[in-house]
């Protein structure tokens, strides 16, 4: 997976992902879903161009959950859904995936499980040294990317602002999803335990 700054325009998009997952479960093809989204505008966007862009992002993330994890999504509780929305994001973007493992898991296992905005900036600077593509992202894009990452970590319940810094927490999910993660999905397991290779 290549580094891409396209997730600078990502969002939580829960309703949109649910729409696509339901359509997939009914047997609709990608083209059919796209056409229905363009014609009916269930995403409530103003132009066909923005609808198309949103669909691309949402469909990509939905496909990380379909078919197996979509059942856990619809049958699970709110915590399961939040965990799987974060999962879909981490699975879709290399920078986000690496940020989770190299920064969030690390901060949980060290540094008293705390995270500050400056840690996000230092991490970005480290990645710039490793990738020319990341080094070429403009300042606004870098700021947006850090903001989007923090949004996903907050929305999922992985971080919480306490006394001016973020406290990092493993995700709480149902026993069914936890068991699936332990048996079949290392990333999901890492999100639930904030440990690697255990």
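The mean sequence distance of close C-alpha pairs (under 8 Å, at least 6 residues apart), as a share of the length of the chain, puts its relative contact order at 25 percent.
Go ahead and estimate [θ] at 222 nm for the chain from helices alone: -39,500 (n - 2.57) per DSSP H run with n ≥ 4, summed, over the residue count, rounded to 500. My calculation for the chain gives -19000 deg cm²/dmol from helical runs alone. Sorting 87-94, 14-21 by average packing, meaning the other beta carbons within 10 Å per residue, from highest down gives 87-94, 14-21.
Helix 78-92 and the longest principal axis of the Cα set of the chain meet at an angle near 80°.
When only Cα pairs below 8 angstrom with a gap of at least 6 residues are kept, region 87-158 shows a relative contact order of 18 percent. Seen against the Cα atoms of the chain and their longest principal axis, helix 30-40 is set at about 80 degrees. In this rough spin-label picture, where each label sits 7 Å from Cα along the Cβ direction, the residue 141-residue 176 distance is 4.1 nm.
Here r is the Cβ-Cβ distance between residue 118 and residue 49 and R0 is 45 Å; the resulting FRET efficiency, rounded to 0.05, is 0.80. Of the peptides 169-177, 130-138, the order by per-residue mean of other Cβ atoms within 10 Å, starting with the highest, comes out as 169-177, 130-138. Computed from Cα positions, the angle between helix 48-63 and the longest principal axis of the chain comes to roughly 70 degrees. Peptide packing: for 38-47, 111-120, 58-67, the average count of neighbouring Cβ atoms within 10 Å per residue gives the ranking 58-67, 111-120, 38-47, highest mean first.
Just so you know, all these numbers are worked out from the coordinates, no wet-lab data involved. From a predicted model like this one, the values you see are computed outputs, not experimental measurements. Note that each Cβ is placed from the backbone with ideal geometry, even for glycine, and that neighbours are counted across all protein chains shown.
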